[in-house]
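Heads up, the thing below is written out as structure tokens.
The values are calculated or read from the model by the stated rules, or taken from the named source; none is laboratory data. As the structure is a prediction and not an experimental result, all values here were calculated from the model. Cβ placement follows ideal geometry from the backbone for every residue including glycine, while neighbour counts extend to all protein chains displayed. The accessibility values were calculated without ligands, DNA or RNA, using every heavy atom of the protein model including side chains. Shrake-Rupley method; radii C 1.70, N 1.55, O 1.52, S 1.80 Å.
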Amino acid sequence: MLVPIGASLATTVVLRRLVPSPDGPWWFAWALGLLVCAVLVAVGVERAGRRLLPLVTLLKLSMLFPDQAPTRFSIARTAVSVRRLESRLAETQGDATAREESRTAATILSLSVALQSHDRRTRGHAERVRVFTDLLGEELQLPEEDRYRLRWAALMHDIGKLSISPSILNKPGALDDREWKLMKGHPLEGARIAEPIMGWLGPWGDAIAEHHERFDGGGYPNGLSHGAISLGGRIVSVADSYDTMTAARSYKKPMAVWAARRELAECAGGQFDPEIVRAFLSISLPKLLWRTGPVSLIVQLPFLARLQRSGSVRSPP
């Protein structure tokens, strides 16, 4: 915060020397111009700093204020809904593309609802991953049309679990080797289920099969690494892992947000693409709180002191 402020003040000093203060009615316009320039410099330096700072420093900055993974209720307010889809269709009535989008959306929603009933452990998970994925898409400045398809792929990322028995998905204890093998097959099974709409999803549909691949090549199902993993797969991987860490489940307590952010930073270059992690940590807390509601800030206030003290973070590989 001090660097943008310092740059802003320095800009003001330089401009005052280059453009002396005029007399009379032009003074107000001169002062307003200085203020606008100072603000623009501060904003520019702050945005550049977020992209140039080491991940560890960025992580410490992101933990100055508390936040919380969104609840199912708050996500429901912003998740893709039938009403929004109907509104989009009404705007382009008679458009063949719009009708195709409507049918595709209906298919995705029906499958997602089926998964909610099939796997009670992860209810709300797909919606939260969609929200985090969309925030990452904004931070990465993806075109709106790409973000539109990516958010649908994110909503379907675990759809392959429909082929796994609920007794395995909801098993209270650890999975045995046979069960784990079945579980690891859900990305490819998800791609198979989604095949009829893959043409519409385009390359963003690859996120369904690749969201468990690791940046270092140690993931599954195909052991892809680095750029061989689709951009959608790398984005959904971070969003999926963050929600898994911070969401409450029947078999585990939610991880504190500061700890989940630290885990992402420490796994950058190993499990996750460092640039995607950087983008996630660069999402401003005001934007995150706007999407998830002010309650998330209030709930975390008791932990503020702990968050501010958590500065001993290892550099990511």
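Observations, loosely collected:
- Of all residues in region 190-210, those that are open to solvent by 40 Å² or more (accessible area, probe 1.4 Å) have Cβ atoms under 6 Å from Cβ atoms of residues that are assigned to a helix (DSSP H, G or I), 6 or more apart or on another chain, in ILE193/ILE159; ASP206/GLY232; ASP206/GLY233.
- When the test is whether a residue is hydrophobic (A, V, I, L, M, F, W, C), at pLDDT 95 or above, farther than 18 Å from VAL129 by Cα and open to solvent by 30 Å² or more (accessible area, probe 1.4 Å), LEU231 does not pass it.
- Hits in region 7-47 - residues which are closer than 30 Å to ALA279 by Cα, of a type in the set (A, V, I, L, M) and either in contact (Cβ under 8 Å) with a residue 40 or more places away in the chain or surrounded by 15 or more Cβ atoms within 10 Å (Cβ to Cβ) (or both): ALA7, ALA38, VAL41, ALA42, VAL45
- Residue list for region 142-175, filter: in a helix (DSSP H, G or I) and of a type in the set (D, E, K, R): GLU144, GLU145, ASP146, ARG147, ARG149, ARG151, LYS161
- Hits in region 139-160 (condition: acidic (Asp, Glu) and either touching a residue at least 60 places away in the same chain (Cβ under 8 Å) or crowded, with 18+ Cβ neighbours inside 10 Å (or both)): GLU139, ASP158
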